Amino acid sequence: MYSGAGAATAAGPPRRDFISVTLGPEEAVGVGGYNNSKAWRRRSCWRKWKQLSRLQRSVILFLFAFLAVCGVISYTSMGEVWKGITNKSLDDQITEQEIPRLKLANPAVLPVPQKADANHGDYPELSLQKPPKLPHVRRGPSNLQIKAPQRDTRLKNRHDTMRAVEELVEADKVEKTEKSIISWRGAVIEPDQSSEPPSSKITEPEKPSSVETEDQKEPVPINERQLAVIEAFRHAWKGYKDFAWGHDELKPLSKSYSEWFGLGLTLIDALDTMWILGLKEEFEEARKWVANDLAFDKNVDVNLFESTIRILGGLLSTYHLSGDSLFLEKAKDIGNRLMPAFKTPSKIPYSDVNIGRGTAHPPRWTSDSTVAEVTSIQLEFRELSRLTGDEKFQKAVDDVMKHVHTLSGKNDGLVPMFINTNSGQFTHLGVYTLGARADSYYEYLLKQWIQGGKKENELLEDYMRAIEGVKKHLLQRSGPKKLTFVGELAHGHFSAKMDHLVCFLPGTLALGAHNGLAADHMKLAESLIETCYQMYAQVETGLSPEIVHFNLHAQKGHKDVEIKPADRHNLLRPETVESLFYMYRFTGDKKYQDWGWEILQNFNRYTRVPTGGYTSINNVQNPSNPEPRDKMESFFLGETLKYMFLLFSDDIDLINLDKYVFNTEAHPLPIWVPA
């Protein structure tokens with residue numbers, strides 16, 4: 001209670017205080033006095049300045065000059081520090097979209113890799129600290145029959161021989177480049193002419209069973225280049241385990257982590273890579289985290305596309321390779337939690353789902369989804385239906401493809417980048433690209449057709465029409481080397497811009513040719529993979545930027561590839577290595593392995609962080625300072641190193657491409673065979 005009034009009354013009559021203000025003629029309002037204008041304030045300041053003595057004014061001017069000199073000196077010494085901080089913050093804002101693709105088969109034999117600290121002098125590091133030691137090996141994809149995941153008994157033999165091989169390979173590290181060329185063609189499988197689509201009836205899956213004895217083959221020993229990939233993986237994993245365990249992505253320079261969904265993205269993305277590379281100890285450690293700590297009942301928004309290809313795809317793939325039902329149970333859980341995304345007026349799914357609340361919504365700024373995102377989740381949901389016997393997953397994604405098949409707004413099979421979730425119609429018409437926001441639509445047309453046993457003719461028709469559209473509208477040749485590249489079309493205007501993401505296309509074309517499609521698809525694949533390699537070879541660090549522009553005409557002193565300052569970053573992307581894997585698997589040409597080996601060496605030279613991990617970089621044109629961004633994307637372990645390992649293998653049964661198809665995050669899923 002406030003008691004000030006009572007105290008005043010008790011002391012006698014209150015005292016009154018007055019303030020006297022005298023206004024001179026110049027200060028009186030309305031008589032040209034103070035009116036708070038800028039002109040009045042300038043005159044007032046100038047009068048005060050003139051009232052100072054000459055000594056006082058000289059001291060003040062000297063202080064201002066001294067502070068200015070100090071500021072210039074501080075700026076030059078702190079410039080690089082502030083630049084690094086800015087780069088880190090910018091990197092944290094980058095949201096990755098899309099990208100890889102392929103197919104799977106049987107494992108090869110992996111000896112235990114050499115110790116991680118051996119021969120580090122071969123790979124100059126980004127900082128001065130010693131690289132950490134790395135763990136141990138195992139491996140093994142299975143010989144899947146379509147009914148259920150099966151465990152390849154070859155793996156057991158492999159794991160038994162690991163320790164013996166480890167002692168033999170421990171001291172060696174790879175440095176040679178093979179030059180011999182062996183040509184051979186994979187057998188071409190004629191497409192199934194049956195018009196009957198795969199049955200929509202889902203049969204109850206069987207338990208994983210062991211492979212028949214006649215299917216077992218002697219494992220193929222891993223070679224030195226594969227060992228180098230294992231060492232790189234262990235180095236990256238060491239950083240993740242030490243500084244980001246259980247979190248989404250490693251920030252190797254600051255020895256911390258960043259979160260996107262808070263679901264351990266890097267760990268889940270890397271599970272099947274560890275299995276294929278034979279890293280038994282790392283795999284078991286990661287499995288324990290999945291069993292004990294991975295929980296999806298949390299109030300968090302996730303991107304439907306990214307969580308499908310990375311989490312659902314990674315769990316399904318690991319289930320098939322390992323036969324461990326833990327991963328299938330987790331896959332069912334996340335699959336069910338993603339289903340609210342499909343509750344839209346058009347059945348075109350929303351981009352974001354709250355997996356704890358069971359709600360979904362488009363981005364805050366639009367009601368559109370990107371075409372690539374809504375048409376690149378089909379392999380995973382279809383396989384989830386096959387394994388669980390629940391048709392709802394496959395029906396939801398098949399409805400999307402059927403709807404997109406009927407839409408107008410295409411240009412000779414090429415699709416726009418956006419589609420509205422309310423109307424179900426394409427938006428932003430007239431812009432066509434095979435880069436971000438559209439790329440994996442084309443990839444999944446072919447791969448769904450392959451996954452379903454080559455019976456869904458609408459998918460094949462759309463794919464073939466789209467490739468013809470690419471040839472007609474987007475293909476050009478550069479100068480001076482006449483490189484074939486895929487540009488973009490915007491309202492009839494051709495742009496000689498090509499995203500690194502487009503480098504998935506050579507591998508996809510080669511996969512189609514291997515499955516009986518037109519032979520000229522392989523010719524085009526050979527031309528395009530040369531271009532993708534040149535996007536590395538013509539750059540100072542030997543690493544490709546995110547985007548390049550091609551010169552259409554030869555100019556003196558200019559290469560084919562031009563790079564704009566905003567596009568010169570490298571995110572450790574997998575697309576070129578992915579296509580190199582397909583090209584080597586289908587042609588046997590050793591040059592593709594040699595190109596991949598160059599890329600791996602340059603990753604080690606410019607992106608490797610000594611304390612563990614690899615980092616994306618801001619400037620591929622500056623070998624002396626590539627400007628590390630302090631972020632290791634989950635797909636570096638999930639895709640880039642996995643495809644590197646497969647590229648260097650001569651075992652065609654290590655993820656056999658007649659038995660597996662890769663999703664766009666490099667997670668192998670089985671091709672369905674007749675019951």
Prolate/oblate/rounded call for region 224-322, Cα gyration tensor, a/c under 1.5 rounded: oblate
Greater than 22 Å apart at Cα, pairs in LYS241/LYS447; LYS330/LYS392; LYS481/LYS564; LYS343/LYS410: LYS241/LYS447; LYS343/LYS410
Per residue solvent-accessible surface (Å²) - region 281-332, probe of 1.4 Å: 30 Å²
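Hand me the chymotrypsin sites (Phe, Trp or Tyr not before Pro) from region 336-443 located in a DSSP loop with no more than 12 other Cβ atoms within 10 Å, in residue order please.
TRP365
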Rounded to whole Hz, the Karplus (6.51, -1.76, 1.60) HN-Hα couplings of region 455-472, x for glycine and proline: 10, 8, 5, 4, 5, 5, 4, 5, 5, 5, 5, 5, 5, 5, x, 4, 4, 6
Environment charge at SER369 (Cβ cut-off 11 Å; Lys +1, Arg +1, Asp -1, Glu -1): -2
Förster radius 51 Å - calculated FRET efficiency between ASP293 and LYS50 (Cβ-Cβ, nearest 0.05): 0.10
Nonlocal amide H pairs with THR359, under 5 Å, H built at 1.01 Å: ASN354
Pairs beyond 26 Å (Cα-Cα), from LYS288/LYS659; LYS472/LYS591; LYS472/LYS497; LYS472/LYS523; LYS280/LYS590: LYS288/LYS659; LYS472/LYS591; LYS280/LYS590
For region 341-351, 3J(HN,Hα) per residue [Karplus equation, 6.51 cos²θ - 1.76 cosθ + 1.60, θ = phi - 60°, Hz, x = Gly/Pro]: 4, 8, 7, 10, x, 9, 6, 7, x, 5, 7
Probe 1.4 Å, accessible area per residue of region 533-580, Å²: 37 Å²
Estimated FRET transfer efficiency when R0 is 30 angstrom, pair LYS392-GLU468 (beta carbons, to 0.05): 0.30
Accessible carbon and sulfur surface of region 467-527 relative to its total accessible area, %, 1.4 Å: 53 percent
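Net charge near GLU468, counting Lys/Arg +1 and Asp/Glu -1 over other residues with Cβ under 14 Å of its Cβ?
So the surrounding residues net to 0.
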Packing-based ranking, highest mean first, of 67-73, 561-567 given that Cβ atoms within 10 Å are counted: 561-567, 67-73
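How much length is gained on full extension from ASN625 to GLU224, taking 0.36 nm per residue of separation minus their Cα-Cα distance?
Numbers: separation 401, 0.36 × 401 = 144.36 nm, distance 2.97 nm.
Gain on stretching ASN625 to GLU224: 141.4 nm.
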Amide hydrogen neighbours beyond the local backbone of GLN476, cut-off 5 Å, H modeled: PHE485, GLY487
Size of charge dipole - region 497-613 - debye, nearest 20, with Cβ of Lys, Arg +1 and Asp, Glu -1, no other charges: 220 debye
Label-point gap, in nm, between GLU259 and HIS493 - each point 7 angstrom along Cα→Cβ: 4.4 nm
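The values are calculated or read from the model by the stated rules, or taken from the named source; none is laboratory data. This is a predicted model, so every value here is computed, not measured. Here Cβ is always computed from backbone atoms with ideal geometry, including for glycine, and neighbour counts include all displayed protein chains. The accessibility values were calculated without ligands, DNA or RNA, using every heavy atom of the protein model including side chains. Shrake-Rupley method; radii C 1.70, N 1.55, O 1.52, S 1.80 Å.
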